[in-house]
Amino acid sequence: MRVVLVPFPLQGHITPMLQLGSMLHSKGFSITIAHTDHNPPNPSNHPNFTFVNLPDQLGPNSNPTFHDLLPVILGINNYCREPLHKHLSEMIENQERDGGVVACVIHDPIMYFVDSVAKQLQIPSLILRTTSAAYLKTMRINVELHQEYKYTPLPESRLLEKVSNLEPLRFKDLPSPLHVRIPEFIIQLQRDLINKGSSVAFIWNTLDDLEGLILSELQEKDNIPFFSIGPFHKLVPKLSTTLIEEDKTCMEWLDKQSLKSVLYVSFGSLATLESKAVVEIARGLAQSEQPFLWVIRPGLIKGSKWIEDLPEGFQEEIGQRGLIVKWAPQRDVLSHFAIGAFWSHCGWNSIMESASQGVPLICKPCFSDQRVNAMFLTHVWKIGILLDDPLDRESIEKSIRRVMVDEEGKEIRENAMDFKQKVHASVQQGGDSNKCLNELTDFIASLVMAQKSNTNDGSSLNQLKDLAHQKFRTPNHKNKIDG
């Protein structure tokens, strides 16, 4: 049985898709990765997978920031449709020879064109949600609110008000702002990104111990199976998914540090910061007197090639107490005994990697789902604190010391360690995430059986879906932390 995976070509989306592919391969499925020209995975890192190319016509020098993503998303969903149709058609035609039935296509929601291609070819499609369940709930309400305030944008004076049905979120924490008019085509794009289309199931890189209540609420509305099998990285052997070369010498530096003494600082692969903010971060790090490992990737600081905008004399001042690298092996870093806290942009993969190691967070969200994640981390799950704009060195120093050493942050540190234990239990044999992975395997197999048993009677994809759902009982998500 073959499963075809279609990731969106950014680091935070490619990583969980490849991890999912590794999990399904371990369960006996053949895996094909259909990827764009932009940011292709390295096939040599995944010798058990088959790779097919989807020409995207973006050009060889395309390297978008978050604010340049719109034309990339629209271009990929336009230009990759035909090549995916061609590849899937060939797989169906040759499936008996090349590895069995094409069981399903699993795609990133940003690759929404996949749904129509799969539907046309009568192949079941599943969506891998690479964000939190809280974010999907927020986005759906956000779209509804844009309809409500379409002609009368929300006054800025209301931005600090709580959003009904989305506490603890304020209007300023929503993924797209309500105090400015958003073009209708952007709202339509957001609808495409959050709707299930003809998908037969959702797969989540989260766990019931964290988002059980929200998962249950979403599942009741979508009326399809949900499989919460996170954190993905805890259910697969370590594999290389990075698109940026890692500086592994930082591990030697960490080995020389004391237990839980180091602050790890990283803002992910897409965010950018103003030079003024970076100066305040540097001063706050220096004033905190805590050891730190700071990832400054080229392009993070606007208008700067690398670290030339750091304050004069900063590196001499910190000496051996701090280390700056262009990119780090984050999973290894967060699992190292020396790491005491993580100052993060609050991307979902980073949260899963940090929380599963019992590492508390300092949250400085930059865009999109990160603001939602940060508010839940700090106000609901209570394993971090929020740094709001504008950044200043005094609040940075205070936040670092609170999370890492002060008595005031003891509860946050204890909550983070408690969550580490919940993750450990969930991914063990018989744990919630482990059981959900087995249920996903059975569900995909049931789709294949439904296709085989209905090959000759002209049944539609909907009938195949119904048959599979009859053989699989939608799991009940439980609520332990959220709400």
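The values are calculated or read from the model by the stated rules, or taken from the named source; none is laboratory data. As the structure is a computational prediction, the values presented were derived from the model and not from experiment. Please note: Cβ atoms are built from the backbone with ideal geometry, for glycine as well, and neighbour counts cover all protein chains shown. Areas reflect the complete protein model, heavy atoms only, side chains present, ligands, DNA and RNA absent. Shrake-Rupley method; radii C 1.70, N 1.55, O 1.52, S 1.80 Å.
Details
- Search result, residues across region 149-179 that are assigned to a helix (DSSP H, G or I) and either open to solvent by less than 40 Å² (accessible area, probe 1.4 Å) or more than 18 Å from ASP388 (Cα to Cα) (or both): PHE171, ASP173
- Against the list (1) among the hydroxyl-bearing types (Ser, Thr, Tyr); (2) without any contact (Cβ under 8 Å) to a residue 40 or more places away in the chain; (3) part of a loop (DSSP other than H, G, I, E, B); (4) surrounded by fewer than 16 Cβ atoms within 10 Å (Cβ to Cβ), the condition SER198 fails is (2).
- Of all the listed residues (LEU361, LEU377, LEU386), the sole one being open to solvent by 40 Å² or more (accessible area, probe 1.4 Å) and in contact with a helix residue (DSSP H, G or I) (Cβ under 9 Å, 6 or more places away or on another chain) is LEU386.
- Residue match in region 214-237 (condition: without any contact (Cβ under 8 Å) to a residue 24 or more places away in the chain and not in a loop (DSSP other than H, G, I, E, B)): yes
- Among (1) assigned to a loop (DSSP other than H, G, I, E, B); (2) open to solvent by 20 Å² or more (accessible area, probe 1.4 Å), the one test that GLY12 misses: (1)
- Identity of the residue in region 108-130, part of a helix (DSSP H, G or I) and among the hydrophobic types (A, V, I, L, M, F, W, C), that ends up surrounded by the fewest Cβ atoms within 10 Å (Cβ to Cβ): PHE113
- Taking region 342-441 and the helices (runs of 4 or more DSSP H) fully enclosed by it, the elements with 1 or more residues that are of a type outside the set (A, V, I, L, M) and under 23 Å from the mean Cα position of the chain (by Cα) are at 348-355, 369-379, 410-427.
- Selected residue (criterion: nearest to VAL72 (Cα to Cα)) from residues of region 27-39 that are open to solvent by 10 Å² or more (accessible area, probe 1.4 Å) and over 18 Å from the mean Cα position of the chain (by Cα): HIS38
- Pairs, first on the phi > 0 side of the Ramachandran plot in region 107-132, second open to solvent by 10 Å² or more (accessible area, probe 1.4 Å), C-beta under 7 Å, six or more apart: GLN122/LEU461
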